[in-house]
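The values are calculated or read from the model by the stated rules, or taken from the named source; none is laboratory data. Small disclaimer: the values here were computed from a predicted structure and weren't measured. Here the Cβ positions follow ideal geometry from the backbone for every residue, glycine too, while neighbour counts run over all protein chains shown. Calculation scope for accessible area: heavy atoms of the full protein, side chains included, ligands and nucleic acids excluded. Shrake-Rupley method; radii C 1.70, N 1.55, O 1.52, S 1.80 Å.
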Amino acid sequence: MFAKIRTAKHLKVKATGDQIEVGFFGWVARVAHVHQFGRQDRLSKRAQMYKYPERPLLSLSEPDRTLIRESLLRHMKKTKMFQCDLPLTLVIR
């Protein structure tokens, strides 16, 4: 199951005027969320609900998230990826 979800084709970048998100979206995000936190979901459309065990795909602590966020924002400002004086928000899910 997770062999395919780990490929780069499922990891997406979503950008708006003042925000960048890197992560899983849509169906892949739902499946990842269920397995990451051990939620309930159906194995198929007509199946009963099943409680999945918690199986973290990626574990980032809050200091990890802060370090990644600050490094990316610093790099984007240094390389002038964004020609904007507004503060940027980077969401790491």
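Pairs please, first residue from the stretch 25-37 and touching a residue at least 24 places away in the same chain (Cβ under 8 Å), second anywhere and assigned to a helix (DSSP H, G or I) and surrounded by 15 or more Cβ atoms within 10 Å (Cβ to Cβ), Cβ atoms under 9 Å, 6+ apart in sequence or on different chains.
Hits for this filter: Val31/Ile5; Ala32/Ile5; Ala32/His10; His35/Ile5.
Filter the stretch 1-45 down to the residues that are more than 29 Å from Glu70 (Cβ to Cβ) and open to solvent by 100 Å² or more (accessible area, probe 1.4 Å) and list them by number.
Within the stretch 1-45, Met1, Lys4, Trp27, Arg30, Arg39, Gln40, Arg42, Leu43, Lys45 meet the criteria.
Any idea how many residues of the stretch 6-64 are over 12 Å from the mean Cα position of the chain (by Cα) and part of a loop (DSSP other than H, G, I, E, B)?
Total meeting the criteria: 18.
May I ask you to verify whether Gln48 is in contact with a Lys or Arg (Cβ under 6 Å, 6 or more places away or on another chain), open to solvent by 80 Å² or more (accessible area, probe 1.4 Å) and not charged (D, E, K, R)?
no
Condition check: at pLDDT below 85, out of contact with any Phe, Trp or Tyr (no Cβ under 9 Å at 6 or more places or on another chain) and either within 16 Å of Ile5 (Cβ to Cβ) or surrounded by 11 or more Cβ atoms within 10 Å (Cβ to Cβ) (or both). Does Arg69 satisfy that?
Here the answer is yes, as Arg69 does meet what is asked.
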